[in-house]
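Notes follow once the structure below has been shown.
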Amino acid sequence: MKDNKPLPKWKNKLHEVIYEADTPSGKFFDILLFILIIISVILVMLESIDDFDEHHHDTLLSLEWIITVFFTLEYIARLISIKKPLKYVFSFYGIIDFLSTIPLYLSYILAGSQVLLAVRAFRLLRIFRILKLVKFMGEASQLQSALKSSRAKIAVFIYVVLILSVILGTIMYIVEGDESGFTSIPKSIYWTIVTLTTVGYGDIAPQTNLGQFLATVIMILGYGIIAVPTGIVTAEFARNKNNSNHEDDDGFMVHVNTQACPSCGIEGHRDDATHCFNCGHPL
């Protein structure tokens, strides 16, 4: 039996601030969170500069502790403001929020000269906070749906590119040989992929006229190939965007918002919805 009992008033208000971006308080919270994430990522970058960290280590650490405490409180608030906290804990954003909060604590728990490298690695996990920025993209869910819808087409495309790389790489190995750096088929395939993606490291280069002609063909082919996955995702994105706002049975346009269900946490409800379309809990 589903528990459709509304949350207490204070939890409902907390949920509104943290999970919903359509309210003034929700927008303010999101902007504050956005700014703190950016600052935190900048702090991680500055900390990696040895000279800067040596002169400003205490300041960087103090600022990071302030931000870490804020994110810790945010994580706890997210847990207590929904009826099924485990859904959040094991969700994508729940895991990212946890990974981006614990590094500073771990660096003190695992103190000692023998684990200094591990400590530094743990602290670098704070860079995961940048993934939290996806929450502030108004069309992030549409992009996610577009990628999900086009994954089969992209998989086939990658499969074709891999086959093409193996064939062209083998041909280059036959044409160029050891003298030009194409010492094996795998290394030739590596060069083909680098060339096909228009990266062009320059560590290996064909020397024969035929090899240079094939390289030219591969480079031109690479420009055409790059556009394929972009077109696939763009087409799916446009389709999902058109489907996100639709007409109801009476012909009126229906809009969806960022309101999240207090029970299951799912988003994408209609503006006029009073209950969650997923679990039926009152909104």
Exercise for the section: Within region 178-222, track down each residue that is buried (at least 17 other Cβ atoms within 10 Å of the Cβ) and of a type in the set (A, V, I, L, M, F, W, C). Expected result: Phe182, Ile189, Trp191, Ile193, Val194, Leu196, Ile204, Leu214, Ala215, Ile218
Practice task
Determine which member of the set Val156, Val199 is part of a loop (DSSP other than H, G, I, E, B), under 31 Å from the mean Cα position of the chain (by Cα), at pLDDT 80 or above and hydrophobic (A, V, I, L, M, F, W, C).
Solution key: Val199
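Inside region 42-70, can you point out the residues that are of a type in the set (Asp, Glu) and under 18 Å from Leu106 (Cβ atoms)?
Let us first name the residues in region 42-70 that are of a type in the set (Asp, Glu), namely 47, 50-51, 53-54, 58, 64.
Listed by number, the residues that qualify are Glu47, Glu64.
The values are calculated or read from the model by the stated rules, or taken from the named source; none is laboratory data. Keep in mind it's a predicted model, so treat the numbers as computed, not measured. Neighbour counts are summed over all protein chains in view; Cβ atoms, including those assigned to glycine, are modelled from backbone coordinates with ideal geometry.
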